[in-house]
Amino acid sequence: MHKAGLLDLCVRAWNSVRMASSGMTRRDPLANKVALVTASTDGIGFAIARRLAQDGAHVVVSSRKQQNVDQAVARLQGEGLSVTGTVCHVGKAEDRERLVATAVKLHGGIDILVSNAAVNPFFGSLMDITEEVWDKFWMDKEKEERMKETLKIRRLGEPEDCAGIVSFLCSEDASYITGETVVVGGGTPSRL
C-alpha cells in the first residue's frame, strides 16, 4: 500500500509539472497587461504581438505604414484578440509619443514594450528584438541549407520561435529574471 501511494504521488506530481510546462493550467498569464510592440505588422514582431495577445495582453501594434497597421490589426482582431494599432516610426520622437499616448488613452497605461529599435525604456519591461539576421537566411535558400548543415539542424527558426520566450519574459513567471540575454538561435553561436 505504501509503495502504491508513493507511486500515485509521483504520477500526480509529474502530471502537474507536465501540465504547468505546457501551459494547460495557466490561462492568460498576461491578463490586464498592456503591451506596445514596435515593428509588429510582419515577421517576428507580428508573431510576438499575436502571442502576447493570445496570452491575455491588450496589444498596440505599430509600423511605419498605416496600411500595414490596418492589416495586422484586422488579422489579429479577426482571431478574437485584443489589438489596436497606430503608425510609428521609432526614429521619430513625435511618433513614439503618439504610440505611448494611444496606449494610455485606450488602456490607461503601459506595462510592456517590445522594441525592434533602441528607445528609452521609461516604462514597463523592455525587450529589444533583432530581426535582420533571420530575414537574411529566409531569403537565401543556399545560405539556409549551409546553415542547417553546419548546425546539424533540420530547420531555421520561425518568428513564432521567439514569441513564446518573449511572452514568458513578460509574465510574472519571469519576475526574478533581470538583465539577461536570451538567444533564440537554434544552436547558432552568438556574441552580444
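The values are calculated or read from the model by the stated rules, or taken from the named source; none is laboratory data. What you see is a predicted model, and the numbers here were worked out from it, not measured in a lab. Here the Cβ is made from the backbone with ideal geometry for all residues, glycine too, and neighbour counts use every protein chain on show.
Summary of computed values
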item: Where F123 falls short, out of the listed (1) closer than 23 Å to A53 by Cα; (2) modelled with pLDDT of 85 or more; result: (2)
item: Count of region 52-78 residues which are of a type in the set (D, E) and part of a loop (DSSP other than H, G, I, E, B); result: 1
item: In region 90-116, residue modelled with the lowest pLDDT [restricted to those that are surrounded by 14 or more Cβ atoms within 10 Å (Cβ to Cβ) and not in a helix (DSSP H, G or I)]; result: N116
item: Residues satisfying the stated conditions in region 53-83, i.e. under 14 Å from A39 (Cα atoms), surrounded by fewer than 19 Cβ atoms within 10 Å (Cβ to Cβ) and not acidic (D, E); result: R64, K65, Q66, Q67, Q71
item: Breaking point among (1) under 19 Å from the mean Cα position of the chain (by Cα); (2) in a loop (DSSP other than H, G, I, E, B); (3) among the hydrophobic types (A, V, I, L, M, F, W, C); (4) modelled with pLDDT under 85, for L81; result: (4)
